[in-house]
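Student: Quick one: the structure is below, questions incoming.
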Amino acid sequence: MADKEATVYVIDLGESMSDCHNGREESDLDFAMRYVWDKISTTVSANRKTWTVGVVGFNTDDTDNPQDREGLEGYENISVLQEIGSMTMSSLRRLRSLIKPSHSSSGDAISAVVVALDMIEKFTKKLKYKRKIILVTNGHTPIDDDSTEDVALRLNQSSIELVVVGVDFDDPECTEGVFGTMAEAVEELAIPRIKPIRPYRSYEGLLTLGDPDQYESAISFHVERWTKTKVAIVPSASTVTVTHGPGGSSQTQTLDGEDVEMAGTELSNIKNTRTYFVKDPNAPGGKRDVPADEVERGYLYGETAVPFSESDYTVIKFDAKKSFTILGFIPFSSYQPFLSMGEAGCVVAQRNNPEAEIALSSFIHTLYELESYAVARFVQKDGAQPQILLLKPNPGIEDEFECLYDVPLPFAEDVRNFPFPPLDKVLTVTGNVLNEHRLLPSNDLRKAMSDFVDAMDLSKFDVDEEGNPAEYATLDDMYNPTIHLPPKAQGRRGKKETVKPLSGLDVDALLSDTGRSKRVPTISAENAIPEFKQALATAADDATIQSAAHQMGEIIRKLIADSFANLTYARAAECLRVMREELVALEEPRLYNKFIRGLKKSILSGELNGDRREMWAEHIAQAGLGLITNDESEVSDVTLQQASEFLRPSNK
């Protein structure tokens, strides 16, 4: 995709665009704008100053364009709704208010294209831009085609791409330009966009075999390393607050993109502050703030936090120098593909360096003929962490491109060996081998599993245009759901409200007993957490929720009372955590707060078979499983101060 883009949308706002056709309940204009708004919103979310947008409307009630102001004929009822420039959220809202059907039908589409063409030429001048005009119309108004050849010539001279998207147009048999129906354009919106990533050079320098500074027999030649594959990262988000006038209320929103375009005082960034504190019984609230410059790094070693100062870090930091050195060679047969780690790179000879091209070509062909990989130590720049790369030769026999492909290899500390018992035999304690056992699959089971795996083969599951078997779900048609599909909605859910899956199916209803919600569910201690969640998910009234909470509370009390020392304290705390989270989600904090008050009284009074204060101090108070505050649930009447005091053993 070009670094600079100039796109002008030419939109038909005629009276006929307000009509509905072909059984649609939305007007032609609304149907067409689904495509336009999606394209413009993508530009806004990209937040790039060099991606510019302009909008021209024709068949408008008014006339506002430079050609008409100069006295030229044929440009009536054409208006420039937005000059070419960067699109922001405020300009997008302004544009939405202008896009509405008019009472006119005398504007000319070709003249509107000329207005857009002139806008692009004046804005881009002779600079390197990707220029595009997108014409959206239903074609119900007359078109003056006397100057179409001159317009086409001018479009070609200015390297402007013309895209015509027609509402309810028939599919044409054209060979030039881009033409499509609005139905195809709207259908295309369901296909996630793939952002093309330009490769970048991560290294330029010598590739050495041996040390050229010490040995004359060492080999070195200049190479460049470029990225071949890159991990697609989920776009970052910025948290902003929307202010509704001076002294008005505000609402916090999270917007995609690295930066947020601020329109006046409508949006303002949320500033984050970080404070550090330590427990101090003599300080107000039991906590004392610590300045940031007095804080040291700490790393967990088991359950112990080991401090690590900047001076210690400086001493042990490895001072690596920029280098690309071959350490040795291994045969193809000794390398296992699962050892590949990280992103792949491509090593080529330095540009405009014939000696380096010949040297690298000889090295690549030697590796290929000997069926060997090279193992190299790579340091991208001074101070960077060293990597061990596997270099695979690509002699260019098939694709006429000579290079070395590389992938990072794991260090010894990265490899973990987990022994598993064999699947085809059973070893007894005495060392005997059993080929027939109840844990071993029978021949029928092996055949059934083999057939099941073969049935999942997608290489010939689809059918092509000629009716022949074809691959289903090719790599080009697969997308990363983390980046391209709708994110999971988050937030509080009300009573009896369940999260809807993307498929629209009620999975819980399909898997659960249909008659279960009509009676009070029974929760067992052996499977308490999933049964508690299922009971709340299928609860039909408040009585069922109260019954489930009561049963879970009794299970928690029994786990504490029957625990030998602290053996089942962690299990009881996990049940308590799930109970707390679920009741917060259902906006029933009063049930939990009533239970936790009674539980604390029972623990401190010794009602649960002895001294159980360790359960309260280490598994409830430290884990923050106390009262639900009004910050966590709006219907709670417990303040943060009250919840903090409640966690102290001496307070009730």
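The values are calculated or read from the model by the stated rules, or taken from the named source; none is laboratory data. Model, not experiment: these values are computed from the prediction. With ideal geometry, Cβ positions are generated from the backbone for all residues, glycine too; neighbour counts draw on all protein chains shown.
Student: Inspect the range 373-380 for any residue being more than 30 Å from Arg416 (Cβ to Cβ), in contact with a strand residue (DSSP E or B) (Cβ under 8 Å, 6 or more places away or on another chain) and among the polar types (S, T, N, Q) and give the result as yes or no.
Tutor: Checking the range 373-380: not a single residue is more than 30 Å from Arg416 (Cβ to Cβ), in contact with a strand residue (DSSP E or B) (Cβ under 8 Å, 6 or more places away or on another chain) and among the polar types (S, T, N, Q).
Student: Considering only the range 526-558, how many residues are hydroxyl-bearing (Ser, Thr, Tyr) and out of contact with any Lys or Arg (no Cβ under 6 Å at 6 or more places or on another chain)?
Tutor: 2
Student: Residue by residue through the range 593-623, note down the ones that are within 36 Å of the chain's Cα centre (by Cα) and touching a residue at least 12 places away in the same chain (Cβ under 8 Å).
Tutor: His619, Ile620, Ala621, Ala623
Student: Regarding the range 110-123, can at least one residue be identified that is surrounded by fewer than 17 Cβ atoms within 10 Å (Cβ to Cβ), in a helix (DSSP H, G or I), of a type in the set (Gly, Ala, Ser) and under 41 Å from the mean Cα position of the chain (by Cα)?
Tutor: no
Student: Which residue out of Ala535, Ala548 is in a helix (DSSP H, G or I), within 24 Å of Ser633 (Cα to Cα) and either in contact with a Leu (Cβ under 9 Å, 6 or more places away or on another chain) or modelled with pLDDT of 90 or more (or both)?
Tutor: After applying the criteria, what remains is Ala548.
Student: If you check every pair at least six apart or on different chains, which have Cβ atoms under 7 Å apart with a residue in the range 275-290 that is assigned to a strand (DSSP E or B) and modelled with pLDDT of 85 or more first and a residue that is charged (D, E, K, R) and exposed (fewer than 10 other Cβ atoms within 10 Å of the Cβ) second?
Tutor: These pairs meet every condition: Lys287/Lys279.
Student: Please work out if Pro393 is farther than 30 Å from Ile316 by Cα, part of a strand (DSSP E or B) and out of contact with any Gly (no Cβ under 6 Å at 6 or more places or on another chain).
Tutor: Yes: the conditions hold for Pro393.
Student: Considering only residues that are more than 12 Å from Asn59 (Cβ to Cβ) and among the small types (Gly, Ala, Ser), look in the range 85-109 and name the one that is surrounded by the most Cβ atoms within 10 Å (Cβ to Cβ).
Tutor: Going through the qualifying residues, I end up with Ser91.
Student: Restricting the range 402-445 to residues that are within 30 Å of Thr325 (Cα to Cα) and either aliphatic (A, V, I, L, M) or touching a Cys at 6+ places or on another chain (Cβ under 7 Å) (or both), which is surrounded by the fewest Cβ atoms within 10 Å (Cβ to Cβ)?
Tutor: Within the range 402-445, the match that is surrounded by the fewest Cβ atoms within 10 Å (Cβ to Cβ) is Ala412.
Student: Can you tell me which residue within the range 295-327, out of those that are of a type in the set (Phe, Trp, Tyr) and in contact (Cβ under 8 Å) with a residue 24 or more places away in the chain, is surrounded by the fewest Cβ atoms within 10 Å (Cβ to Cβ)?
Tutor: The qualifying residue surrounded by the fewest Cβ atoms within 10 Å (Cβ to Cβ) is Phe318.
Student: Tell me, yes or no, whether the range 49-68 has at least one residue that is surrounded by fewer than 18 Cβ atoms within 10 Å (Cβ to Cβ), in contact with a Lys or Arg (Cβ under 7 Å, 6 or more places away or on another chain) and closer than 24 Å to Ser159 by Cβ.
Tutor: Checked against the condition, which is being surrounded by fewer than 18 Cβ atoms within 10 Å (Cβ to Cβ), in contact with a Lys or Arg (Cβ under 7 Å, 6 or more places away or on another chain) and closer than 24 Å to Ser159 by Cβ, the range 49-68 yields at least one hit.
Student: Read through the list (1) assigned to a strand (DSSP E or B); (2) surrounded by 14 or more Cβ atoms within 10 Å (Cβ to Cβ), then give the number of the only condition that Ile330 fails.
Tutor: (2)
Student: Related question: Could you check, for the range 591-608, whether at least one of its residues is more than 30 Å from Lys279 (Cβ to Cβ) and at pLDDT 90 or above?
Tutor: yes
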